[in-house]
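Below is one structure; the comments refer to it alone.
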Amino acid sequence: WKKIDIENRSKDELYEMEVTFNEMIDSLKENYEKQEIFVSNASHELKTPIQIIKSYAQLLSRRGEGNPELLQESTEAIDSEADRMQNLVEQMLALAKNQQEQVVETVDMKELLQQVADTFQKAYAPREIILFTDEKTKYMWQGNPDQIKQVIYILLTNALKYSEKEVNIRLQQKSDEMIVSVQDFGEGLAEQDQQHIFERFYRVDRARNRETGGTGLGLAIAKVIVETYQGEITVQSKLGEGSIFHIHLPNMDQ
Ligand code: ADP
């Protein structure tokens, strides 16, 4: 810390320092408030599965003996709530980790997307996951392949979860950016929800999403990752018709 010689500063300089100082405090306060909201959301989300697991464990100890139906129901519920917690913890760690180091490699995006599409195709057959690219174009991108894979995984998992038909992936190379789009023909999103889905823990229908095992963290993670590449993630959607998520990745050498 350098000691500031206040006496020899002009009024204008002092005023400028005060403005900068206030801006710093505001930004620290804002970060702190965001952290506080995150911690309170996270603990709330973790408390729910813990509560469910505890209730079933108590039920089992009171009435489990000689009651195979209750045993079956309880173990299934405990298992699925434990999965949910595991998911949550992994995703929260992913958010924290992403604020760390950056790996930069040259990635053949077409090849990467084809691999991801094939993996998902196998897991979700007979549903189709189709990749559209231009035969002649080279789709080279600079960045961390694991991070971009994670974003595509999140979008594909959602597209498959919130729709029942095929899912399309489209890759486009523009003069200043590369765009990866994931399109589904499922339930879609109302306009008022589209603005919020990238917020941490936001879910359109909490009751329904509890069944589909959502955490509300996937798109928030995707957004953080895309933004580390100065990119943007956007959605176009219509209720009952489906959604398209676009990942815009600016060309780094621009
Ligand atoms: P979740 O783990 O709940 O899927 P996300 O952050 O990935 O969390 O998504 C937030 C919410 O946005 C979801 O709960 C869901 O309501 C909505 N959503 C995300 N993707 C889609 C989609 N492809 N179609 C319809 N709704 C979607």
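The values are calculated or read from the model by the stated rules, or taken from the named source; none is laboratory data. The model shown is predicted, which means the values in this text are computed figures rather than measured ones. For neighbour counting, all protein chains shown are included, and Cβ atoms are generated from backbone atoms with ideal geometry for every residue, glycine included. These accessible areas exclude ligands, DNA and RNA; they are computed on the full protein's heavy atoms, side chains included. Shrake-Rupley method; radii C 1.70, N 1.55, O 1.52, S 1.80 Å.
Quick notes on this one:
- By DSSP, the beta bridges lying fully in the chain are antiparallel in about 85 percent of cases.
- Share of pairwise Cα separations in segment 7-154, more than 20 Å, in percent: 73 percent
- Cleavage-rule hits (GluC sites (Glu not before Pro)) in segment 41-95: DSSP loop, at most 16 neighbouring Cβ within 10 angstrom: E65
- Prolate/oblate/rounded call for segment 61-147, Cα gyration tensor, a/c under 1.5 rounded: oblate
- Sparse packing (at most 14 other Cβ atoms within 10 Å of the Cβ) combined with a DSSP loop state is found for the following trypsin sites (Lys or Arg not before Pro) in segment 140-247: K165, K174.
- Within segment 151-171, backbone nitrogen closer than 11 Å to the virtual label 7 Å beyond the Cα of E191 toward Cβ: none
- 10 Å binning of all Cα-Cα separations within segment 103-254, expressed as whole percents from 0 upward: 11, 42, 36, 11, 1
- Legend: residue pairs K47/K223; K138/K174; K138/K223; K110/K136; K122/K165; K97/K223, Cα-Cα distance threshold 19 Å; pairs beyond threshold, K47/K223; K138/K223.
- In terms of its C-alpha gyration tensor, segment 1-71 has a prolate overall shape, because the principal axis ratio a/c (a ≥ b ≥ c, square roots of the eigenvalues) is not below 1.5 and a/b outweighs b/c.
- Charge tally in the Cβ shell below 14 Å around P126, where Lys, Arg are +1 and Asp, Glu are -1, P126 excluded: 0
- q = 0.07, 0.09, 0.16 Å⁻¹: log10 I(q)/I(0) that the Debye formula gives for the chain, counting C-alpha atoms only: -0.36, -0.55, -1.24
- By a 1.4 Å probe calculation restricted to protein chains, M24 has an accessible surface near 110 Å², given to the nearest 10.
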